[in-house]
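K.L.:
Pasting a structure here, questions to come.
The values are calculated or read from the model by the stated rules, or taken from the named source; none is laboratory data. This structure is a prediction, so every number in the text was calculated from the model and none was measured. Every residue, glycine as well, gets a Cβ built from its backbone with ideal geometry; the counts of neighbours run over all protein chains shown.
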Amino acid sequence: MTTARIAIDRTAVVAPLNRRIFGSFVEHLGRCVYDGIYEPGHPTANEDGFRLDVVELVKELGSSTIRYPGGNFVSGYRWEDGVGPKENRPVRRDLAWHSLESNQVGTDEFARWCKLTGSELMMAVNLGTRGIEAALDLLEYANHPSGTALSDQRIANGSPEPHDIKMWCLGNEMDGPWQTGYMTADDYGKLAARTAQAMKAADRNLELVVCGSSGSSMPTFGDWERTVLEHSYEHVDYISCHAYYQERKGDLGSFLASSLEMQYFIETVVATADHVGNKLRSKKKIQLSFDEWNIWYLEEHQASDEVNDEWRFAPRQLEDVYSVADAVVLGNLLMTLLKNHDRVTSASLAQLVNVIAPIMTEPGGDAWRQTTFFPFSVTSRLAKGDVLRPRIEVGTYETEVYGAAPLVDAVATADAESGTSALFLVNRSQTDSIEVTVDLASLDASSITEAVTLHDDDVYAKNTIDDRERVGLRELSGASLADGVLTVTLPPVSWSALAFA
Ligand code: AHR
């Protein structure tokens, strides 16, 4: 049997865990909002029309920060359309997704939804068709306590308390030719700097995210980050990263190693940001907000989505159904974010409901968990305290895209307060179980309190509308802990988690 050795050093701390790493994303896109989180006629709907069965699943998923309202949608959005009496709200065309927007959910409703789910709202402003004034107006509407035109309007609209939104995204993917109002790095960098400066004049405690490249395969990747930060460095706190992965042409081996691409992406953006910061002799470090990441079978959608020349409300768009292999990759991507947590301090799984999402719903029906739900929810529940980077000794396998890829990846957390710790593992081998020996002595763990795995003999098994519980977590049998040494066997193509006390 293939073997691996892992050593965990309690002092090899990447960073204390910031729960913003478990963020997600709700965009006005397809059925994410309408017929997703919001369905007034649904048996579980509350007075705002929000489905409480979905709220329960969002809580179980354990997502922290929720980015809203887009995505590409935000670049044509007028936030004013979504506040005030619902009967007066206009229907608009959403050019980003070629659909109709009823505006029945807007800032105030979404802020209430975040409270219901226990999450933090992360707001994006429109720098595509709009600019500084609209951003400042939204900030005043959302965050100013009272006594100004827009804060009093919010109060009159039924939200007496300010929403107190701390994190703000300065537009979305402004380098992408698909983005309404996309720009050059120079133009965007200047606009982002001016918008950020104005927003911080209103509240210097805001945390602002400037747009990085919309992907590491963009021809301007790297140059975009450098130019944008040269303009905006001292005014912003984060730069965004977006990445979607998929299995291409049946190459499962490369797909299972997608984390290597994410690692390259993170290292490149950190190096670029630090280059600019050092050149400016700045005292601060820019953080990474990985505010869109997921598996997305993008090419397949062009053929199958319910989008045509008609204008429709909430068409079914980007409704990927995820396999076990997808979930294993997603679990590994989350591990990679954690392993880089000293610089990636915020992240958003894109998206949350129906649209490339861990949670699916049917109108009038129930809500269920996709395969990708499980690694996210378990990691969010078990990871606590400090994130630790383990030392891993393991063989490699050859991939077409990345060359040699390690067969096993791992990350750990340890919490001094509760005395608990956790270990997350992935086996990328398609053929072999791997026996892993883990030196845990420095964690002072005496017992295994939980051991679960996501694995199926059919790596393409999915939870479908007709078989919603086909795939779930199983107990990881045979794990043993003696004298500070854990022995565990990881099935092929699996993601696993163990907790210790
Ligand atoms: O998450 C789906 C879309 O992907 C977002 O709207 C956009 O920002 C990205 O291209």
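K.L.:
Go through the stretch 30-42 and report how many residues are within 16 Å of the ligand (Cβ to nearest atom) and either surrounded by fewer than 18 Cβ atoms within 10 Å (Cβ to Cβ) or more than 19 Å from Ala347 (Cβ to Cβ) (or both).
P.N.:
Number of matching residues: 6.
K.L.:
Still on this model: Return the only residue of Ser442, Ser446 being over 27 Å from Asp251 (Cα atoms) and in a loop (DSSP other than H, G, I, E, B).
P.N.:
From the options Ser442, Ser446, the qualifying one is Ser446.
K.L.:
What about Ser99, is it modelled with pLDDT of 95 or more, under 18 Å from Phe373 (Cα atoms), among the hydroxyl-bearing types (Ser, Thr, Tyr) and in contact with a Lys or Arg (Cβ under 7 Å, 6 or more places away or on another chain)?
P.N.:
no
K.L.:
A follow-up question, please. Mind listing whichever residues of the stretch 52-68 are surrounded by fewer than 24 Cβ atoms within 10 Å (Cβ to Cβ) and either under 19 Å from Pro315 (Cβ atoms) or among the charged types (D, E, K, R) (or both)?
P.N.:
Asp53, Glu56, Lys59, Glu60
K.L.:
Does the stretch 347-379 hold any residues that are more than 17 Å from Ala327 (Cα to Cα) and within 16 Å of the ligand (Cβ to nearest atom), and which are they?
P.N.:
Of everything in the stretch 347-379, just one residue is more than 17 Å from Ala327 (Cα to Cα) and within 16 Å of the ligand (Cβ to nearest atom), namely Ala347.
K.L.:
Give the stretch 43-75 a look and list any residue that's in contact with an Asp or Glu (Cβ under 9 Å, 6 or more places away or on another chain) and away from the ligand (no atom under 16 Å from the Cβ), or say none.
P.N.:
Pro43, Thr44, Ala45, Asp48, Gly49, Phe50, Arg51, Asp53, Val54, Ser64
K.L.:
From the set of residues in the stretch 214-244 that are of a type in the set (S, T, N, Q) and surrounded by fewer than 24 Cβ atoms within 10 Å (Cβ to Cβ), which is farthest from the ligand (Cβ to nearest atom)?
P.N.:
Ranking the candidates gives Thr227 first.
K.L.:
Could you tell me which numbered condition Leu100 fails, if it satisfies all but one of (1) in contact with an Asp or Glu (Cβ under 9 Å, 6 or more places away or on another chain); (2) closer than 25 Å to Lys200 by Cβ; (3) not basic (Lys, Arg)?
P.N.:
Here Leu100 clears every test but (2).
K.L.:
Within the group Ala12, Ala45, Ala4, which residue is modelled with pLDDT of 95 or more, surrounded by fewer than 20 Cβ atoms within 10 Å (Cβ to Cβ) and within 30 Å of Leu440 (Cβ to Cβ)?
P.N.:
Within the list Ala12, Ala45, Ala4, the selection yields Ala12.
K.L.:
Just checking, which of Val270, Val344, Val321, Val276 is of a type in the set (Val, Ile, Thr), closer than 30 Å to Asp35 by Cα and more than 16 Å from the ligand (Cβ to nearest atom)?
P.N.:
Going through Val270, Val344, Val321, Val276 in turn, the sole match is Val321.
K.L.:
Are any residues in the stretch 347-375 small (Gly, Ala, Ser) and touching an Asp or Glu at 6+ places or on another chain (Cβ under 7 Å), and if so, which ones?
P.N.:
Ala347, Ser348, Ala350, Ala367
Results for (1) crowded, with 20+ Cβ neighbours inside 10 Å; (2) farther than 20 Å from Cys169 by Cα, shown as yes or no for each residue.
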residue	(1), (2)
Ser75	yes, no
Glu80	no, no
Asn88	no, yes
Leu100	no, yes
Asp108	no, no
Leu116	no, yes
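K.L.:
Which condition number does Met174 fail, the rest of (1) surrounded by fewer than 17 Cβ atoms within 10 Å (Cβ to Cβ); (2) touching a Leu at 6+ places or on another chain (Cβ under 8 Å) being met?
P.N.:
Of everything listed in (1) surrounded by fewer than 17 Cβ atoms within 10 Å (Cβ to Cβ); (2) touching a Leu at 6+ places or on another chain (Cβ under 8 Å), Met174 misses just condition (1).
K.L.:
Do we find that Thr107 is over 25 Å from Ala273 (Cα atoms) and either in contact with a Pro (Cβ under 6 Å, 6 or more places away or on another chain) or not acidic (Asp, Glu) (or both) in this structure?
P.N.:
Judged against the criteria, Thr107 is a match.
K.L.:
Which residue out of Val452, Val485, Val459, Val438 is modelled with pLDDT of 95 or more, surrounded by 16 or more Cβ atoms within 10 Å (Cβ to Cβ), hydrophobic (A, V, I, L, M, F, W, C) and more than 30 Å from Met360 (Cβ to Cβ)?
P.N.:
Going through Val452, Val485, Val459, Val438 in turn, the sole match is Val438.
K.L.:
I've got another one for you. Determine if the stretch 239-255 includes at least one residue that is closer than 22 Å to Val74 by Cβ and assigned to a loop (DSSP other than H, G, I, E, B).
P.N.:
No; the residues of the stretch 239-255 include none that is closer than 22 Å to Val74 by Cβ and assigned to a loop (DSSP other than H, G, I, E, B).
K.L.:
Restricting the stretch 47-81 to residues that are under 16 Å from the mean Cα position of the chain (by Cα) and among the small types (Gly, Ala, Ser), which is farthest from Leu95 (Cα to Cα)?
P.N.:
That would be Gly62.
Listed here are the residues, each with its yes/no results for (1) within 16 Å of the ligand (Cβ to nearest atom); (2) closer than 30 Å to Gln287 by Cβ.
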position: Glu80; (1), (2): no, no
position: Ser119; (1), (2): no, yes
position: Val125; (1), (2): yes, yes
position: Ile132; (1), (2): no, yes
position: Asp152; (1), (2): no, no
position: Asn157; (1), (2): no, no
position: Asp164; (1), (2): no, yes
position: Leu170; (1), (2): yes, yes
